[in-house]
Amino acid sequence: MTKVLVTGSNGMLGQDLCPILEDSGYEVVETNSSSMDITNTDAVKNVIEKEMPDIVIHCAAYTNVDMAENDLKTAEFINVTGTENIAEYCGKLGITIVYISTDYVFDGTKSEPYTPQDRTNPINNYGMTKYEGEEAVRSLCEKYYIVRTSWLYGHHGKNFVETMLNLAKTQKELKVVNDQIGCPTWTVELANGIIKLLNGKPYGTYHVCGSGATSWYGFAEEIFAHVKEKVSLIPCTTSEFPRPAKRPSYSVMLNGGICRNWKLALRDYLDLRVDEEDAE
Ligand SMILES: NC(=O)c1ccc[n+]([C@@H]2O[C@H](COP(=O)([O-])OP(=O)(O)OC[C@H]3O[C@@H](n4cnc5c(N)ncnc54)[C@H](OP(=O)(O)O)[C@@H]3O)[C@@H](O)[C@H]2O)c1
């Protein structure tokens, strides 16, 4: 049985990825910041040497994009040093590494979808540290998949879909940003996409995100249309919602057909969510 070690298994992606890997026939070793702090070289060495997995899927990261603007040191320590530690042992021991990266490695100045070969130019600290993580993987490992994803949502974390549905409980009018365009991605679609890569795609850099594209406003419209919630949505600009970190205005990525259209995935997520609420 192929053994996969997952970092960040308590995170939003990790909590969906681990059971999907198990259902697909992998033996899964879950790790989190207590069982293997990725910034601690000894911990990484000990756990990886003890487990000797065939594959490491590296999901752990400092993911608070706005906080990273004022806390570059911590973001670098986790996203760069932490990734170097993981990549070093994977490289040394010939273990395949899957590194989860982000659309925020791009500056958003293109007007057509980004390919994996397009020039990167992060415009915020989070994107910069995740890009440096990519570079660590490329330089330390031969057997790697760099998986860029975007606008993630899922059952197990703070995300746009849950924020919108929660806000709608108390507000019937919501202003939503209409001048940032990207690819919403369900964690389950990403997990299935990672498994497709492992099942025979050549090593390299991939975009694993929902097909198609929308703005945050378009994303919200689709959410409320599907759950039949009457909310008045008002499109607004990024400048009306100033945040510490700059976001690329256009971070649409070409995914090579690896994931379904974002609307289909969103509908499945929302239907599953209703089924689970009904079961409670
Ligand atoms: N969320 C998005 O919209 C998005 C978009 C593009 C790319 N990504 C990338 O996708 C991946 C998964 O994101 P996510 O949303 O699932 O993140 P998340 O929910 O914030 O989970 C990140 C996990 O990283 C772990 N972690 C943090 N510092 C650690 C350390 N020093 N040692 C070990 N583990 C540590 C945390 O573990 P503990 O719980 O144990 O503290 C946490 O569970 C990340 O690499 C992220 O950069 C996310």
If we keep only residues of region 130-162 that are in contact with a Cys (Cβ under 8 Å, 6 or more places away or on another chain) and basic (Lys, Arg), then the residue farthest from the ligand (Cβ to nearest atom) is Lys143
Unmet criterion (only one of (1) under 20 Å from the mean Cα position of the chain (by Cα); (2) of a type in the set (A, V, I, L, M); (3) farther than 26 Å from Gly212 by Cα) for Val147: (3)
Of the listed residues (Trp151, Trp216), the one being on the phi > 0 side of the Ramachandran plot, surrounded by 14 or more Cβ atoms within 10 Å (Cβ to Cβ) and in contact with a Gly (Cβ under 9 Å, 6 or more places away or on another chain) is Trp151
Residues of region 118-155 being closer than 21 Å to Gly193 by Cα, touching a Lys or Arg at 6+ places or on another chain (Cβ under 8 Å) and in a loop (DSSP other than H, G, I, E, B), which ones? Asp118, His155
Yes or no: Asn64 under 16 Å from the mean Cα position of the chain (by Cα) and either modelled with pLDDT of 95 or more or assigned to a helix (DSSP H, G or I) (or both)? yes
Output the qualifying pairs, or none if there are none: Cβ atoms under 7 angstrom, residues six or more apart or on different chains, first residue in region 156-169 and within 16 Å of Gly11 (Cα to Cα) and assigned to a loop (DSSP other than H, G, I, E, B), second residue polar (S, T, N, Q) and within 16 Å of the ligand (Cβ to nearest atom). His156/Gln15
Are any residues in region 55-71 more than 8 Å from the ligand (Cβ to nearest atom) and surrounded by 17 or more Cβ atoms within 10 Å (Cβ to Cβ), and if so, which ones? Ile55, Val56, Ile57, Val65, Ala68
Confirm whether Ser33 is crowded, with 16+ Cβ neighbours inside 10 Å, part of a strand (DSSP E or B) and of a type outside the set (Asp, Glu). no
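The values are calculated or read from the model by the stated rules, or taken from the named source; none is laboratory data. In this text the structure is predicted, and so the values were computed from the model without any measurement. Quick reminder, even Gly has a Cβ in these numbers, built from the backbone with ideal geometry, and neighbours come from all protein chains shown.
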